[in-house]
Amino acid sequence: MNPSNQSPNHTAEDESQAVVTRRIQRLSLHLMAPSAQNYDLCIVSCSSRGKLEVDKAQLSGYMRGKHREIQERVFEYFNSRPDLQTPVEILKDDHRELCWRQLLGLVREAGIKPFKHVAEDPAQYFAIAEAVGSVDMSLGIKMGVQYSLWGGSVINLGTKKHRDKYYDGIDNLDYPGCFAMTELHHGSNVQGLQTVATFDPIKDEFIINTPNDGAIKWWIGNAAVHGKFATVFAKLMLPTHDSKGYSDMGVHAFIVPIRDMKTHQTLPGIEIHDCGHKVGLNGVDNGALRFCSVRIPRDNLLNRFGDVSRDGKYTSSLPTINKRFAATLGELVGGRVGLAYSSVGVLKIAATIAIRYSLLRQQFGPPRKPEVSILDYQSQQHKLMPMLASTYAFHFATANLVEKYSEMKKTHDEQLVGDVHALSAGLKSYVTSYTAKSLSVCREACGGHGYAAVNRFGSLRNDHDIFQTFEGDNTVLLQQVAGDLLKQYKEKFQGGPLTVTWNYLRESMNAYLSQPNPVTARWEGEEHLRDPKFQLDAFRYRTSRLLQSVAVRLRKHSKTLGSFGAWNRCLNHLLTLAESHIESVILAKFIEAVQNCPDPSSRAALKLVCDLYALNRIWNDIGTYRNVDYVAPNKAKAIHKLTEYLSFQVRNIAGELIDAFDLPDYVTRAPIARQSDAYAYYTQIVGF
Ligand SMILES: Cc1cc2nc3c(=O)[nH]c(=O)nc-3n(C[C@H](O)[C@H](O)[C@H](O)COP(=O)(O)OP(=O)(O)OC[C@H]3O[C@@H](n4cnc5c(N)ncnc54)[C@H](O)[C@@H]3O)c2cc1C
């Protein structure tokens, strides 16, 4: 209010009323969506260097492909049932019950049957899991425990008799179940499990026992409240006629009923405890199981890879405990594939909320000019645009993993099995670690409003965090990738076959290991830097050097430290190697996806995003490239400049790029991303 306009009988009450009005006006400016005109102005000023036209529908169609329909059915169902949407504030026990009702609704009311897809069309199953997880991640995990872990163990580790007996009950949720592998003392080291299943030839039964407190099954999803069965991983002990009395046949899986089908009472010999309130995923009832001489029929051994006959003889098509163990765990990689895929789904949600907000939020500006969108700040672009590029890169890499996994399930091709095993371990760990870090970046990018629970970052971050640990701890999984790379490296020099994903090692290991070309090290033209060949060569060069150098170091240290000690001495080097390899695979898949995109406008947008992904990664590791003169100083500068320029270009189409994820409003349009709703929401809580 202008003081010169004050009326002579102006009072203190008027003044305080004016302060309130001014405050509301100022807040409204922050919270209401900028007018279309403002928004356009901002885009126009940024697009002076040429903005790509993106056909969102085409791009979205290319991204979502054939899974669009099933995901839409999931979203429509929950959209039509607001009573089944998880509120911002909910108690643990209520959340568990809601989660169970959500799952029942999905299966029995919406008629979406995930189990049939686990068995017949895994790609479709993962698409359902991604959509369901974006409604509530607890629901995604609850569904994963029921269908992928409990159900998956029955159909993948069992035989026809198991499928005939359990399939329908698992499918329609009459048989809710658990996957009981982890013990209090052993998580990552599955071969160290201590639960025992001893065969009793007289009664033709196995006796399941928890020999000590450290062997209590811990963290078991579905165990605390809803589960009626558990697939229990235990050492199979067979009676022998020698002095030892029993022979340890290694870890096998057994179906153990844990609650009465009618009364839901815990069965005799079984103790169940609740693992309690967790950092996140509180809609999932994790529990602890102890077994005291629990008897189950011999038929409950999931006997695909090893069986026990009526007279106590063990048979298996696989010759050693290690091979059987590898085959058993190999059948469980689907869980990892699903986590990698769902983690990208989480990244899409977080990136969408943060970028949409950053496009609309305005702070500061040139003197006497309107405030600018915070996404116009270079620092904000630096935080969010490479992340958006990574989201696209991971989308195509995990989609490819899902395709390979589906193919593997059909063909059981040995090379493909090895490839999927290493790739799922690598992508699961790389993508989930990246998403976990990005969730904090997105929260921060939204300032204080990012901290309001309703805007989802808190629950996304807490629920997703454990993706880095379950289905294989990321650090442990990356070591499997490094181990595989070293095996392949050895075989290369012995002329053996290489699995598909690693083929580049054979094709060009020698080229990568020779001295960098002093001429190309100086090429700095945009065309060269945006050439997929330059980008892929740079990624692969780094991997090949890391591989060769770690192989030399391991050989050296193993002479004095033994193989375990040498591995530990080189552990960080090995982890960097694994990540570097996974990045190469991600880039190769992204480049392929760009080249295969049929729509020219989408292809151009994807090429831009792919270049940003590649050059940003190279720039992040520029020290490595400079150290060996792979990149001359001026080329390094050119890479940096071009990365910033591409980041800016991607910013210009960021709105279209997030829209192409095609996520439903109630999943991504958190109040801060729709600022007028934020106003309504905040006024409601704060009570203006
Ligand atoms: C919410 C939740 C749900 C779960 N659901 C289930 C379920 O349904 N069924 C089930 O069976 N299990 C479940 N788990 C267990 C989960 O799979 C394990 O927690 C996981 O495998 C890791 O094992 P751990 O906790 O023993 O960690 P550890 O193996 O003890 O790891 C602890 C730390 O040591 C490091 N470490 C371990 N080994 C190495 C190594 N060789 N080199 C370098 N570092 C190493 C790891 O990186 C990690 O940082 C669940 C866990 C949680 C928290």
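Odds and ends about this structure:
- Residue in segment 650-667 that is crowded, with 18+ Cβ neighbours inside 10 Å, in contact (Cβ under 8 Å) with a residue 40 or more places away in the chain, polar (S, T, N, Q) and farther than 20 Å from Q362 by Cβ present: no
- Filter pass, W219 being open to solvent by 10 Å² or more (accessible area, probe 1.4 Å) and either in a helix (DSSP H, G or I) or touching a Cys at 6+ places or on another chain (Cβ under 8 Å) (or both): yes
- Unique residue being acidic (D, E), in a helix (DSSP H, G or I) and open to solvent by less than 10 Å² (accessible area, probe 1.4 Å) when the list is D611, D677: D611
- Lone unmet requirement of (1) at positive phi; (2) in contact with a Leu (Cβ under 9 Å, 6 or more places away or on another chain) for G335: (1)
- Segment 300-341, subset part of a helix (DSSP H, G or I) and touching a His at 6+ places or on another chain (Cβ under 7 Å), residue surrounded by the most Cβ atoms within 10 Å (Cβ to Cβ): V333
- Any hit, segment 305-319, residues being of a type outside the set (D, E) and within 16 Å of the ligand (Cβ to nearest atom): no
- Being open to solvent by 10 Å² or more (accessible area, probe 1.4 Å), in contact with a helix residue (DSSP H, G or I) (Cβ under 9 Å, 6 or more places away or on another chain) and within 24 Å of A127 (Cβ to Cβ) is not true of K383.
- Restricting V145, V135 to residues that are open to solvent by less than 40 Å² (accessible area, probe 1.4 Å), more than 16 Å from the ligand (Cβ to nearest atom) and under 28 Å from K278 (Cα atoms) narrows the list to V135.
- Annotation: N596 fulfils all but one of (1) open to solvent by 80 Å² or more (accessible area, probe 1.4 Å); (2) within 16 Å of the ligand (Cβ to nearest atom); (3) not basic (K, R); the unmet one is (2).
- Only listed residue being at pLDDT 95 or above, within 27 Å of the chain's Cα centre (by Cα) and among the aromatic types (F, W, Y), chosen from Y147, Y166: Y147
- Any chance V441 is in a helix (DSSP H, G or I), away from the ligand (no atom under 16 Å from the Cβ) and under 15 Å from the mean Cα position of the chain (by Cα): no
- Residue within segment 395-418 that is buried (at least 20 other Cβ atoms within 10 Å of the Cβ), among the small types (G, A, S) and within 26 Å of K641 (Cα to Cα) present: no
- The single condition from (1) modelled with pLDDT of 95 or more; (2) within 22 Å of the chain's Cα centre (by Cα); (3) open to solvent by less than 40 Å² (accessible area, probe 1.4 Å); (4) away from the ligand (no atom under 16 Å from the Cβ) that L460 fails is (4).
- Segments classed as helices (runs of 4 or more DSSP H), wholly inside segment 51-124, with at least 1 members that are open to solvent by 80 Å² or more (accessible area, probe 1.4 Å) and closer than 22 Å to A340 by Cβ: 114-120
- Verdict on L173 being surrounded by 24 or more Cβ atoms within 10 Å (Cβ to Cβ), farther than 25 Å from T469 by Cα and either touching a residue at least 60 places away in the same chain (Cβ under 8 Å) or away from the ligand (no atom under 16 Å from the Cβ) (or both): no
- Against the list (1) surrounded by 24 or more Cβ atoms within 10 Å (Cβ to Cβ); (2) within 15 Å of the ligand (Cβ to nearest atom), the condition L184 fails is (1).
- Residue, modelled with the lowest pLDDT, within segment 187-210, restricted to residues that are within 16 Å of the ligand (Cβ to nearest atom) and open to solvent by 30 Å² or more (accessible area, probe 1.4 Å): Q191
- Segment 600-629 - residue that is among the aromatic types (F, W, Y) and closer than 14 Å to R530 by Cβ and, of those, nearest to the chain's Cα centre (by Cα): Y613
- The selection criterion, being among the polar types (S, T, N, Q), assigned to a loop (DSSP other than H, G, I, E, B) and on the phi < 0 side of the Ramachandran plot, holds for S243.
- Every residue from segment 617-634 that is assigned to a helix (DSSP H, G or I) and either modelled with pLDDT under 95 or touching a helix residue (DSSP H, G or I) at 6+ places or on another chain (Cβ under 9 Å) (or both): R617, I618, W619, N620, I622, T624, Y625, R626, N627, P633, N634
- Residue selected from segment 148-170 under the condition outside any loop (DSSP other than H, G, I, E, B) and small (G, A, S), by the criterion farthest from the ligand (Cβ to nearest atom): G169
- Candidate set from segment 251-289 (those that are among the small types (G, A, S) and in a loop (DSSP other than H, G, I, E, B)); member that is farthest from the ligand (Cβ to nearest atom): G269
- Every residue from segment 103-122 that is free of Cβ contacts under 8 Å to residues at least 40 places away in the same chain and not small (G, A, S): L106, E109, P114, H117, E120
- The set of residues in segment 558-580 being hydrophobic (A, V, I, L, M, F, W, C) and free of Cβ contacts under 8 Å to residues at least 12 places away in the same chain consists of L561, F564.
- On the stretch given as segment 320-339, residues that are under 13 Å from the mean Cα position of the chain (by Cα) and of a type in the set (S, T, Y) total 0.
- Single residue of segment 211-250 satisfying the filter (closer than 19 Å to D285 by Cα and charged (D, E, K, R)) that is nearest to the ligand (Cβ to nearest atom): K217
- Matching residues, segment 464-492, being open to solvent by 30 Å² or more (accessible area, probe 1.4 Å) and under 18 Å from N189 (Cβ atoms): Q468, T469, F470, E471, D473, T475, V476, Q479, Q480
The values are calculated or read from the model by the stated rules, or taken from the named source; none is laboratory data. For clarity, every value in this text was computed on a predicted model and none was experimentally measured. In this analysis, Cβ positions are derived from the backbone assuming ideal geometry, glycine residues included, and neighbour counts consider all displayed protein chains. Please note that ligands, DNA and RNA were not included when accessible areas were found on the heavy atoms of the full protein model with its side chains. Shrake-Rupley method; radii C 1.70, N 1.55, O 1.52, S 1.80 Å.
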